[in-house]
Amino acid sequence: MINARQWLVLAASLAALVACAKTPAPDSTAERAAIRAVSIAWKNAYNAGDAAAVVALYAEDAVLSAPGERALRDSSSIGRYFAQKVAEFSAAGLTVADAPMGDVVTSGDLGFQWETYQVTDKSGGVVDAGKLLTLFGRRNGKWMIIGDTWNSDSMPGGPAARATVAVAAASNSLVRR
């Protein structure tokens, strides 16, 4: 027969086992696919001229570090930035695509993706190419962009930079019409 002391040791042992039990890790393949889906949704929205859909992919406390700009640290600032840039991009007839889409790395509720991109004009000519790094955080079960930065492979003043300036100037004149 088991006495009270043995019951106490048994109960404490079971409690310790339950406390030490690990919860199963999320399927990393599914997590990486979910992050890739956010990247694809970003490109689709940007190319469609839908700034609101682009901004919806960013967390409220996200940080955007765009080339030549001060870091933007909240969704309203990010929203104003993309409202302007998406309109200019669309008016100039540009498209952005992954070249190729990079690998995704996750750890718990954080993830990142490093990839390359190309910007093409209406004729399919490449006007810019570069690389980007996007940080993702899981918020309320959904992957959101929490940090974003990119830069061109062209040196300032190089051919692609001059083409980008020319496209920006053209888009500015189109936006002002």
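Here are a few things to note about the model shown:
- Region 78-132 shape via C-alpha gyration tensor axes, a/c threshold 1.5: oblate
- Rounded Å value of the spacing that divides the Cα centres of region 90-145 and region 37-55: 10
- Taking packing as the residue-averaged number of other Cβ atoms within 10 angstrom, the listed peptides 55-64, 121-130, 28-37 run from highest to lowest as 55-64, 28-37, 121-130.
No lab work stands behind these numbers, since they all come straight from the coordinates. Everything quoted here is computed from the prediction, not taken from an experiment. Heads up, the Cβs are rebuilt from the backbone with ideal geometry, glycines too, and the neighbour counts pull from every protein chain shown.
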